[in-house]
Amino acid sequence: LGRLSSAENNRPYKQLGVFILMGVSVFLVGMAFGGTAAMIAGLLLGLALPACIMLLAINDGFFQALNPLSIIYLISKIGLPYLALCFFLLSLSGGSEWFTEFLAPRISKWA
């Protein structure tokens, strides 16, 4: 198999940087404006996250992956299937919390 270039070796660190930057952003919004604003910021950044990862994979540039204009352009080019992707991604990442908070109290104890 072919060897990875140094830029490709750094891609996981760039993706981790995107995750950390988004998490810190939500935290700072929460500290500045409260929990509701943090939830809204988290939702918006959660919707942008797949586009950021796609841009990182395509361009291999950290700041290109965080460019709001590129993110909006990519989302608009993909269209409604992008929202379906986000729905399933957010369901996978937050489904257990949703189940625990909303469904578990409504299901009988034996289930």
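The values are calculated or read from the model by the stated rules, or taken from the named source; none is laboratory data. Note that the coordinates shown come from a computational prediction; the quantities given were computed from them, not determined experimentally. With ideal geometry, Cβ positions are generated from the backbone for all residues, glycine too; neighbour counts draw on all protein chains shown. Accessible surface is based on the protein model in full, side chains and every heavy atom, while ligands, DNA and RNA are left aside. Shrake-Rupley method; radii C 1.70, N 1.55, O 1.52, S 1.80 Å.
Quick check on ALA37: is it of a type outside the set (Asp, Glu), open to solvent by less than 60 Å² (accessible area, probe 1.4 Å) and closer than 23 Å to LEU80 by Cα? No: the conditions fail for ALA37. Of all residues in the range 54-77, at least one satisfies being open to solvent by 80 Å² or more (accessible area, probe 1.4 Å) and of a type in the set (D, E, K, R). Would you check if ILE107 is modelled with pLDDT under 90, of a type in the set (A, V, I, L, M), farther than 22 Å from LEU43 by Cβ and out of contact with any Phe, Trp or Tyr (no Cβ under 7 Å at 6 or more places or on another chain)? So ILE107 passes the test. Screening ILE71 on (1) in contact with a helix residue (DSSP H, G or I) (Cβ under 7 Å, 6 or more places away or on another chain); (2) β-branched (Val, Ile, Thr); (3) farther than 21 Å from GLY17 by Cβ shows it passes everything except condition (3).
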